[in-house]
Amino acid sequence: VIITDFLKKLTQAPKKIIYIGSSGIYGHHHGQWVDEQSPCHIESLRQTQRQSAESQFDDYCQRHHIPCARLRVAGIYGQERLPLDAVYAQAPVIHPHEAPFINHIYVKDLVNILAYLGTDIIYHVILNIADGTPTPMGALQQQLAKILKCPLAENDYFEKIWSTASPMKKEFMSQNKKLNIQRLLQILKPSTISLTPMNAALTEILKL
């Protein structure tokens, strides 16, 4: 409803639309690689809402003959989005062999990508936005602990961590996939943008 009202209030069509959505729309893919043609396994209200938002923007852009980028963004981390409390509390993480894959994007890289997509380049695509290096859930927490020279958290079983997880964490735990970003890399090729490895990004964030 909000998107519908927003589009109705536009007095003229913009030059392009960039919709920042979520890679959570793909759902559970059992740890397999997922590209922009992969099916979306819709199992929750949030996924349904994401799918509806993408469709509304796509329909609007097709009617007005303007490009539309529907971005499926991985988990964003940055200065205000780090699991510091979990590191200091040594909150248990899932055994790597049981852990679902999590995809990340450093917020600075995301900003650079958005700025580039906002230039005069033309595209009409779904686009996975991630750093291209999926890691087992908990890897970011453990890497952060190493940089901070804190004790590493102990590993625990998936079922035990699931039993006390928040609804948001359960959503991440139940959507095991690895995002293929070849289309993103192709679009970025003419630019000077590079994707920051997690260790370098965390080190940079902690110096800010």
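General remarks:
Here's the yes/no breakdown for (1) among the charged types (D, E, K, R); (2) touching a His at 6+ places or on another chain (Cβ under 8 Å):
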{"site": "K16", "(1), (2)": "yes, no"}
{"site": "I25", "(1), (2)": "no, no"}
{"site": "E36", "(1), (2)": "yes, no"}
{"site": "H41", "(1), (2)": "no, yes"}
{"site": "R46", "(1), (2)": "yes, no"}
{"site": "Q51", "(1), (2)": "no, no"}
{"site": "S55", "(1), (2)": "no, no"}
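- Count of region 64-82 residues which are in a strand (DSSP E or B), free of Cβ contacts under 8 Å to residues at least 60 places away in the same chain, open to solvent by 20 Å² or more (accessible area, probe 1.4 Å) and of a type outside the set (V, I, T): 2
- Residue in region 83-100 that is surrounded by fewer than 20 Cβ atoms within 10 Å (Cβ to Cβ), within 15 Å of the chain's Cα centre (by Cα) and either of a type in the set (V, I, T) or not in a loop (DSSP other than H, G, I, E, B) (or both) present: no
- Residue ID - farthest from P39 (Cα to Cα), chosen from residues in region 156-208 that are of a type in the set (S, T, Y) and part of a helix (DSSP H, G or I): T203
- Residues of region 167-183 satisfying the condition of being open to solvent by less than 30 Å² (accessible area, probe 1.4 Å) and more than 13 Å from the chain's Cα centre (by Cα): M173
- Count of region 22-43 residues, restricted to those that are within 15 Å of the chain's Cα centre (by Cα) and open to solvent by 40 Å² or more (accessible area, probe 1.4 Å), is 3.
- Scan region 44-63 for residues that are within 16 Å of S23 (Cβ to Cβ), open to solvent by less than 40 Å² (accessible area, probe 1.4 Å) and of a type outside the set (S, T, N, Q) and the total you get is 3.
- For region 120-152, a residue qualifies if it is surrounded by fewer than 18 Cβ atoms within 10 Å (Cβ to Cβ), part of a loop (DSSP other than H, G, I, E, B), touching a Pro at 6+ places or on another chain (Cβ under 9 Å) and aliphatic (A, V, I, L, M), and the qualifying residues are I121, I122.
- Where I161 falls short, out of the listed (1) over 15 Å from the mean Cα position of the chain (by Cα); (2) surrounded by fewer than 18 Cβ atoms within 10 Å (Cβ to Cβ): (2)
The values are calculated or read from the model by the stated rules, or taken from the named source; none is laboratory data. This is a predicted model, so every value here is computed, not measured. With ideal geometry, Cβ positions are generated from the backbone for all residues, glycine too; neighbour counts draw on all protein chains shown. Surface areas here come from the heavy atoms of the whole protein model, side chains and all, with no ligands, DNA or RNA. Shrake-Rupley method; radii C 1.70, N 1.55, O 1.52, S 1.80 Å.
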